[in-house]
1. Fewest to most neighbouring Cβ within 10 Å: what's the order for 373, 347?
2. Mind giving me the FRET efficiency for residue 2 and residue 147? R0 is 25 Å, r the Cβ-Cβ distance, nearest 0.05 is fine.
3. How many percent of Cα pairs in the chain exceed 33 Å?
4. Between residue 125 and residue 204, take the C-beta separation as r, use R0 = 22 Å, and let me know the FRET efficiency to the nearest 0.05.
5. Give me the number: length gained by fully extending residue 159 to residue 378, i.e. 0.36 nm times residue separation minus the C-alpha to C-alpha distance, one decimal in nm.
6. Please give the contour-minus-distance gain from residue 293 to residue 96: 0.36 nm per residue of separation, less the Cα-Cα distance, rounded to one decimal in nm.
7. Grab the beta carbon distance between residue 132 and residue 69, set R0 = 25 Å, and tell me the FRET efficiency rounded to 0.05.
8. Would region 251-342 count as rounded, prolate or oblate if I go by the C-alpha gyration tensor, calling it rounded below 1.5 in a/c and otherwise prolate when a/b exceeds b/c, oblate otherwise?
């Protein structure tokens, strides 16, 4: 398969996956609120799926490393997710919504490290540039958030499900077109995760990146509701999300340059500093002009962390262990840490609204300290 074909197929998958992500991140909390859930319950539903991702994600990424068959796992995830989104239409209570989202939320977030491990194989073997293919996911997020805000304006919150089901259908098609790049099966050898944990500074890196990624929990869980409650309409909310992802696309496009110039550790330091500014201001203001200014920082708080994680795994972990390495990162960053942060943000937001973003600022500070420590230990990971 040619480099161009690989890039096209991987780009299409990220585009399809993030059409879904770009819908449920800004609008699923609104749908849950429309079904009668409180802010605290919304935070708990989102958090439980993230916690469930820890064992499920580690198992599935470890299994793909053992078998070497990553595409098969992605097809299974896409098919189950489509069925689960359809089932959500029949979920009307806290418990039923929790159970259905437990399935689909866990699987969709597990798809990302498996897809990234395929991208690592394509990058190592064929020179495919990760930042270029991953930016199509960001572009899809922009399309979904803007089109979703336009479509939902004046409509019932239940219409969110129509968009999610449509996105899941596209994802199924894109998954069958994914390249079937494989590594040699590991058979019954020692699990790859045990080898990954022996990598120098890996746990320090993962915990630092997890703190920085989990600082986005308040944004993903409650920013849309926070802005709408402040009098901003759904269409403008969608544009605010899109602005953040435009900044994300710019940073992804410059990912190779940033890794070469800064290295993963200093990219994390930059993300931590940007988070301190972003979440601090968001905790103080819902003025639209202020929000427009600080949403541009999403490229630094999110993309720098994500690119740094990809670069670290690519530079330090053998490709046959890449799924386990990305699985561990995602399980901690988008599972344990993000889930705890989401639950805490929901509890705080229910009682003190904007103070939830103060918690996000504290997490960014902790991440900056961890990144500085990592940089001092390594003097620069390249």
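Values quoted throughout were computed directly from the atomic coordinates according to the rules given, and no laboratory measurement underlies them. A quick note: this is a predicted structure, and the numbers were derived from the prediction, not measured. FYI the Cβ positions are ideal-geometry reconstructions off the backbone, even for glycines, and counts take in every protein chain you see.
1. With the sparsest Cβ surroundings first, the list reads 373, 347.
2. So the FRET efficiency works out to roughly 0.20.
3. 23
4. 0.15
5. The span from residue 159 to residue 378 would gain 73.9 nm if fully extended.
6. Using 0.36 nm per residue and subtracting the Cα-Cα distance, I get 67.0 nm.
7. That pair, residue 132 with residue 69, gives E of 0.45.
8. oblate
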